Amino acid sequence: MSRRMRGVPAKTIVLTALAAAVCAAGLPEVVSALPGTDQPETEQAKTDQVVAAQAMTTAAKKARTSLDWGACDRPDMPVQDGVQCGTLRVPVDWDQPQSGTVDLRAYRFKAADPAKKKGTILNFPSGPGETGDLAFASLRQHLPEYDLIALDPRGVGQSGRLSCATEKILDIPYVPPTDGRKFAALQKNQRAFWPSCTTNPAGLKNHLDAYSNAKDAEALRKAMHLDRINVYGFSYGTLTAERYLGLYGEHVNGSVLEGVMNPAQSRRQFVTTAARGMESIFNRFRKWCAEDEACALHGKDVTAVFRKAQKTADAGRVPGSLLTTPWSSVAVTRYFELMAPRSFKDTADGLAELAQGKNPMPGNEEAGQGGRMPKSMPYADPIVCSDYDLSVRNAEQARRDMAATREAAPVLGYSTNSSNYTSICLGGPQPAKGSGKPVTSRSDRPTLVMSNTFDPATPHAWADGVARQLGQKATTVRTDKVGHGGGLDNPGTKNRVAAYLDQANRGGR
């Protein structure tokens, strides 16, 4: 799950919209994949698969063909040299394949040396909101012996991009209000928010979930006539990878999940584990300040400085804003979440400035500065609501959530990244059927579950939960670092992943 910077100046919003433009080359091709189940292989499950297969027969006869690949045309955010683009046509609703279709952007990046190719990796990108090819550069650098394939997920890029009213987006608080009157205002905003969101085709906005994306991925595998593949999911992409393993794992050699999403947790578990993870980063930061003179807060009570920065912001004594969000105690916590994984030194400098009533964000002196905002903008965050039941439904629930997160994170109080979704989902799509089911795998090989010791977006507790759900079908790797992702940059972790994939693909299966 990405740590988004919501509330950005108009110029940044425009750049974001441009970055979301995707390849236009490649002819649309219609393919199909048979829906499956992520339940254990019982007799009933086998029967259900036969029924599902029969239901798809007509569509399959019309759809079986191959993808046409061509050059990508994305001038505002060019794809890496060598990446090819195509178009995959799939049902909007996999349960009703004749009800309409959507064209998805597909990507292919052949192995650096075809003669040394070891297999194919199907990549599931982070986000929600990242295009399918985003991780290709890193995967090519670290795993050059594999062909790479991916899709822009539903609602992202050129796969029927989800856009929402900018005004409504900016009115969604990072942390749901616990005051009844303010919560009523949030409810009013959210009643208008989701109707303002659009996709093309329109019905796609109700089918953005991980199960649908997993079925799309199976359609891609079939269209490319690949018998066996590997899957690599990062951050929010791990959720689709998990559902793919449960539905179609028999086609998977190796599977790697990095920065893992855990679907089998309640709203309160979601926000408290994330808050606890952020608090552990604060404790690491505080320890560094005590030991390193490079910290601007060295020799000081770091917690006291942080609280002073929050009080100063709440008193309105910090000019400007954090990316158009006026400074407040919540914004100070958000600032720490965004900055600490990048640089402890810069974080300490910024907290010291905030405590003194100074804005640490250069060129951001006026709240709302940046000129006219577009009426709508690409906004993929509601996709999370298709996969998790996160909506906080009243002020009392918000108060109880806040009490739980403050117990888990006595200093920070909450994770703004995760708590934000409980506000968004008050007006987002409904969770898909089965969205809270534990992770299972039909692959005959264990899944490599990767996490960082200090992850601001997907705490290692989520990876631990998924590993428990997979049981003997999981093997874990933890990298000692502060940050989200980047495990392959660690030589030890990279060697583990490379050796795992080598073993999984031995014999050319």
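Coordinate-derived values only; no laboratory data. What you see is a predicted model, and the numbers here were worked out from it, not measured in a lab. When we count neighbours, we look across all protein chains shown, and the Cβ atoms used for this are built from the backbone with ideal geometry, even at glycine.
Details
- Here is the tail figure for region 129-201: Cα pairs spaced more than 22 Å apart come to 49 percent of all pairs.
- Label zone at ASP502, where the point sits 7 Å out along the Cα-to-Cβ direction: region 419-447 residues whose backbone N lies under 13 Å: none
- Taking GluC sites (Glu not before Pro) across region 291-349, the ones in a DSSP loop with at most 13 further Cβ atoms lying within 10 angstrom of their Cβ are GLU293.
- Under 5 Å between amide hydrogens, built in the peptide plane, is the criterion, and for ILE172 it picks out nothing among residues at least 5 positions away or on other chains.
- Spatially, region 407-445 and region 446-509 are offset by 20 Å when compared through their Cα centroids.
- Straight-distance candidates among the lysines for linking to LYS311, with alpha-carbon spacing under 21 Å and chain neighbours fewer than 8 residues away dropped: LYS182, LYS300, LYS358.
- The DSSP beta bridges internal to region 98-175 are antiparallel in roughly 50% of cases.
- Taken about its Cα centre, region 198-344 carries a charge dipole of about 500 debye when Lys and Arg each add +1 at the Cβ and Asp and Glu each add -1 at the Cβ.
- Of the cross-linked pairs LYS168/LYS433; LYS110/LYS437; LYS433/LYS481; LYS215/LYS437; LYS118/LYS473, those separated by over 25 Å at the C-alpha level are LYS168/LYS433; LYS110/LYS437; LYS433/LYS481.
- GLY483 long-range amide H proximity, modeled H, under 5 Å: PHE454, ASP455
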